[in-house]
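S.K.: Please see the structure below; I have some questions.
The values are calculated or read from the model by the stated rules, or taken from the named source; none is laboratory data. Since the structure is predicted, the reported quantities are computational estimates derived from the model, not experimental observations. Methodologically, a virtual Cβ is constructed for each residue, glycine included, from the backbone with ideal geometry; neighbour enumeration extends over all protein chains shown.
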Amino acid sequence: MGVLGNADRTQIFDNHQEAGTLFGMVKAAETYILNNTRREFIIDGASLHREKRPEVPLSAIREALYNPFCHRRYEDSAAVQIDVCWDAVDIYNPGSFPAGCVPEDYLSGAQTASKPRNQLIASTLYRSGDIETYGTGLRRIRRVCDEQNVPVEVFQRGGSVHVRFTRAEAVVADNPPTTRRWREAHPLPLRLLGLQRMHGVRCLKMSEPSARICAKMAPLQFRACQTSLIFRSERCATLCAASWRGTSWRRRVRTEIDDTS
């Protein structure tokens, strides 16, 4: 299993191998895919709670993960491979379709006969309730993906079967906000005024070192220092900052105060 950054699979961000029971490996692979893809939060008004919808339908992922164990060639030393790319999620099965059959036959429903290569494994998964034995797994993958507008392809290449879920294009902000950019764009007095208005904190009789310390805090850090506090001295500001940042921040703040005193 891996997370890849480009189309030719040469930029590898993460690489992980899993061993164990069949059910444990499928669960680990499912979790790996979910953790490395996006989720959509949906609020439709019918419920008070939001729904988290995976980028790729979970039922389709499970079906695509169980299929290789039923249909792969175990004499082949190749492993089931999962690639999470920026544009797709690919699952590789070191197996092939029955002679005379092509993927489209199963996707369209023209072929419905179930012909698992590994009968005992297929029987175990059927008894556990994880698969059915009607040869409709690929059709169900296509159906749930169509319902969620996720393009899916199934093709056979080089002695293996590939299932590809195309991901939605990621949108990245041209100029994402950061604490540093926010500080640089706003002078010290304006930053303090904005923090005061945002969190209702009164900074009375604040000296220049104290003001500089408070202004360096991100909005959430400033809020964590209790909105009812009144910063009257460098020591008070130092203690408030230290309560968020810990020992290393406390040393840095004290050094700055000593340098500016």
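S.K.: Can you tell me which residue is surrounded by the fewest Cβ atoms within 10 Å (Cβ to Cβ) among those in region 98-150 that are at pLDDT 85 or above, of a type in the set (S, T, N, Q) and assigned to a loop (DSSP other than H, G, I, E, B)?
M.R.: Selected residue: Asn149.
S.K.: Name every residue in region 1-18 that is within 19 Å of Ala88 (Cα to Cα) and either among the acidic types (Asp, Glu) or part of a loop (DSSP other than H, G, I, E, B) (or both), in order of residue number.
M.R.: Met1, Gly5, Asn6, Ala7, Asp8, Arg9, Thr10, Gln11, Asp14, His16
S.K.: Residue check: is Arg157 loosely packed, with under 15 Cβ neighbours inside 10 Å and modelled with pLDDT under 85?
M.R.: Judged against the criteria, Arg157 is a match.
S.K.: Okay, next question. For Thr37, indicate whether it is surrounded by 10 or more Cβ atoms within 10 Å (Cβ to Cβ) and within 18 Å of Pro151 (Cβ to Cβ).
M.R.: yes
S.K.: Take the conditions in a loop (DSSP other than H, G, I, E, B) and surrounded by 20 or more Cβ atoms within 10 Å (Cβ to Cβ) and apply them to Val89. Does it pass?
M.R.: When the stated conditions are applied, Val89 does not pass them.
S.K.: Can I ask one more? Only one of Arg9, Arg72 is more than 21 Å from Val150 (Cα to Cα), crowded, with 17+ Cβ neighbours inside 10 Å and charged (D, E, K, R); which?
M.R.: Arg72
S.K.: Additional query: Search region 19-46 for residues being among the charged types (D, E, K, R) and either over 19 Å from the mean Cα position of the chain (by Cα) or in a strand (DSSP E or B) (or both), and hand back the single one that is farthest from Ala60 (Cα to Cα).
M.R.: The residue in question is Asp44.
S.K.: If I filter region 64-81 for residues that are assigned to a strand (DSSP E or B) and either modelled with pLDDT of 90 or more or outside the structural domain of Ser160 (by TED's automatic domain parsing) (or both), do I get at least one hit?
M.R.: Within region 64-81, one or more residues are assigned to a strand (DSSP E or B) and either modelled with pLDDT of 90 or more or outside the structural domain of Ser160 (by TED's automatic domain parsing) (or both).
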